[in-house]
Each structure stands twice: as C-alpha cells, then as structure tokens.
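Here is the structure we will look at.
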Amino acid sequence: MTSLPTILSCPAWDDYALIDSGDERKLERYGRVTVNRPDPQALWKPALSQDVWQRADAVFQNASDRDEDENGSWQTARGKNVPQSWPVTIDGITMQCQLMSFRHMGLFPEQRPHWQWMVKTIKESNRPLKILNLFGYTGAASLLAAKAGAEVTHLDASKKAIQWAKDNQAASNLTNAPIRWICDDAKAFVAREIRRGKTYDGILLDPPKFGRGPEGEVWRFETDINDFLVNCAALLSPQARFMIVTAYALRFSSAALGHVLYDAVARRHGQIDHGELWLEDQSGHRPLPTSLFARWTAKA
C-alpha cells in the first residue's frame, strides 16, 4: 500500500460549483439552483459576505443540533421558484437533482475524479468490462460506466433510489444501455453472487455509516466493512481492473480504510491508493474535504 495519502480534488464545471464554505455550511450551485446546506467539515469562517450567502435559492435547516443529523427541511427563499427536480449535466449524462429531506441533492460531485478515472479505465480496456456498483444511489457512476461501454449491475436497497436512477437513465438517453437494476441488501446480494460463481471486472462501493436493506437488514460500517470487502474481493474476476470504496462521516483515517482493502485483496497483484476527496471552491484557495477513499488497481 502507498504510505502517503492522495488528494483527489474536484473543480467546478458548467453545472456545478462550490461557491463558498464555512461556519459548518457550504454554498453550492447545482445547475441553475443555489443551495445553502450544512457540512460539519467546514469549521472555518466563510470567505464571502453574508449578502452572497443570502442569495441562495434554498436553505437546509437541521432538525436537531447533532452534527451527524441529516434530517431537516428546506426553506425556499422568498420570490425564488425552485422546481421539484431539475437537470444537472456531468460528463455527458443528465442527473435530475432534488431538494431531499435528508439534505442531499441526488448527486455527489466530489466523486467525479473516481468516475473519470473509471471511464478512462473502461475505454482503455480491450473488452467490455463488467462493473458492479454497490450502494449505487441515483446512478451517476452506473450511467457513466455504461456510456463508456461497460456492462453494469447497479444495486441499492431503496426502491425510490432505483427509480430515480432509472429516471436519470432516461434523461441521459441511455435507455438501451446494458444496466441491470437491482433493489436488494448489498451483503445478501454479494453472498449470493459468490455462490453463483459470478465475477466482475470492477467494483465500486459507497456504503453508508449505518443503513437498512429492503427487509430491514442492518448495515454498520465499523462492524461489517471488513468481511464485506473480503466477499467483494471474491467477486473480482481473474482479469479484474479495480475496486473502489468511499466512506463518509467516519472518524478514522484513509490509511485505515486502505489497510482494510489491502487485507481483502491480499492475494491479488496490484496497488492500493488511499486518501481524501475534496471539492475546490471558486476561489481555488479553500477546498472542502468530503470523504475518504481507498482504491485497488490491478498490476498492469
């Protein structure tokens, strides 16, 4: 494993920008909608004036004072008309964003460096890669992988998220793309795929700190991640190219995540990288750290 962490930093693009951050909040633009929402990582003071922050189209207020509480509600600014959903384009696909009750928008822009690296890997392969996207949410990674020529299996425990991902597929004109949509518990699905002898050339997983499957199955990152990564590694084909795991809202280092992934793929030749995902703000001077990652890449 590499000894030093890597920073993967995501700059703004036409349909997204981190405008400013501070006082445990961030000011962002998704397409034509500007939002002000909590982010406990932003411990510093905002760089821009309150006048700029007050121009946001919508502001999210937490339901409690707990740092990790994502429940709450959106308040739309007077005179602002925020649609129920609106399009945000990213690298040739269209994601329909929404103001969700748990402060998310349906797109995690900081993941873009992973997606671009994955697309490059798929395009440089001499065959269609089979990709498994676990905890796939609204489907950005799945759509980008399919657009690049991969055969994709997308899994999420939420029927609502699966339907949202299908809506994004239609909005992206990828209705005929080879994507298998599955609503299931990730641990149970992976165990069944092992028994079936299935394999994949690339695996992405973005597990929550805590979650429940469709039948109430419990997921806890700290207790489940070790065995789960071992099982995921068992699904890697002999010609597999990568496995990427991302983690949010966790109180340990990327090196710890890298060590866990190293144990899972110990019998495979390749390289482990670990580090943080950052969002660059418009000034270019105050990047916002968002999450940890670890990535196994097969030896060339």
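Per 0.36 nm of contour for each residue apart, how much would the distance between Glu24 and Gln61 grow if the chain were fully extended, relative to their Cα-Cα spacing?
Working: separation 37, 0.36 × 37 = 13.32 nm, distance 1.20 nm.
Extending this stretch completely gives an extra 12.1 nm.
So what is the calculated 222 nm ellipticity per residue for the chain, using -39500 (n - 2.57) for each DSSP H run with n of 4 or more, over all residues, to the nearest 500 deg cm²/dmol? Working shown, then result.
On the way: 7 runs with 74 residues, N = 300.
The helix-only estimate for the chain comes to -7500 deg cm²/dmol at 222 nm.
Could you give the length gained on full extension between Ser49 and Arg127, defined as 0.36 nm per residue of separation minus the Cα-Cα distance, in nm?
Numbers: separation 78, 0.36 × 78 = 28.08 nm, distance 5.17 nm.
The span from Ser49 to Arg127 would gain 22.9 nm if fully extended.
Loop-only trypsin sites (Lys or Arg not before Pro) in the stretch 71-123, please: DSSP not H, G, I, E or B, and at most 13 other Cβ atoms within 10 Å. Walk me through the intermediate numbers first.
Numbers: sites: Arg78, Lys80, Arg103, Lys120, Lys123; in loops: Arg78, Lys80, Arg103.
Here the trypsin sites (Lys or Arg not before Pro) that fit, given the DSSP loop and packing criteria, are Arg78, Lys80.
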Distance in nm between Phe252 and Lys160 label points, each 7 Å along Cα→Cβ, equals 3.0
Per the C-alpha gyration tensor (a ≥ b ≥ c, the square roots of its eigenvalues), the stretch 232-300 is rounded if a/c is under 1.5, else prolate if a/b beats b/c, else oblate; here it's prolate
Cross-link reach from Lys130 to lysines, straight Cα distance under 28 Å and at least 8 residues apart if same chain, gives Lys120, Lys147, Lys159, Lys160, Lys166, Lys187, Lys198, Lys209, Lys299
Of the accessible area of the stretch 92-176, computed with a 1.4 Å probe and all protein chains kept, carbon and sulfur make up a percent value of 47
Which of Glu193, Glu110, Glu28 fluctuates most in a GNM of the chain (C-alpha springs under 10 Å)? That residue is Glu193
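Given +1 on the Cβ of Lys and Arg, -1 on the Cβ of Asp and Glu, and no further charges, what dipole in debye does the chain carry about its Cα centre, rounded to the nearest 20?
Details: 36 positive and 35 negative charges, 173 e Å.
Around 840 debye, computed over the chain.
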Once the dipole of the chain is set up from charges on Cβ (+1 Lys and Arg, -1 Asp and Glu), the residue from the list Leu18, Val245, Ala256 lying farthest towards its positive end is Val245
Using a 1.4 Å probe on heavy atoms of the protein chains only, the accessible area for His259 in Å², nearest 10, reads 100
Computed for the stretch 48-177: size of charge dipole around the Cα centre, +1 on C-beta of each Lys and Arg, -1 on C-beta of each Asp and Glu, debye to nearest 20, value 480
Per the Kirkwood formula over distinct C-alpha pairs, the hydrodynamic radius of the chain in angstrom is 19.9
Kirkwood Rh for the stretch 167-300 from C-alpha pairs, in Å, is 16.5
Of the residues Gly149, Thr94, Ala294, the Cα lying farthest along the dipole of the chain towards its positive end, which is defined by charges on the beta carbon of Lys, Arg, Asp and Glu, belongs to Gly149
When every protein chain stays in place and a 1.4 Å probe is rolled, Val218, Val245 sorted by accessible area with the largest first are Val218, Val245
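Tell me the volume per residue, in Å³, of the convex hull enclosing the alpha carbons of the stretch 91-131.
Numbers: hull volume 3.8 nm³, N = 41.
In the stretch 91-131, the Cα convex hull volume per residue is 93 Å³.
Quick check on packing: order 83-94, 39-50 by the mean number of other C-beta atoms within 10 Å, highest mean leading. Spell out each step's value before the answer.
On the way: 83-94: 16.2, 39-50: 13.5.
Most protected by this proxy first, the peptides run 83-94, 39-50.
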For the stretch 197-236, the dipole about the Cα centre with charges only on Cβ (Lys and Arg +1, Asp and Glu -1), to the nearest 20 debye, works out at 40
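The values are calculated or read from the model by the stated rules, or taken from the named source; none is laboratory data. Because the structure is predicted, anything quoted here is derived from the model rather than measured. We place every Cβ from the backbone using ideal geometry, glycine too, and count neighbours over all the protein chains shown. These accessible areas exclude ligands, DNA and RNA; they are computed on the full protein's heavy atoms, side chains included. Shrake-Rupley method; radii C 1.70, N 1.55, O 1.52, S 1.80 Å.
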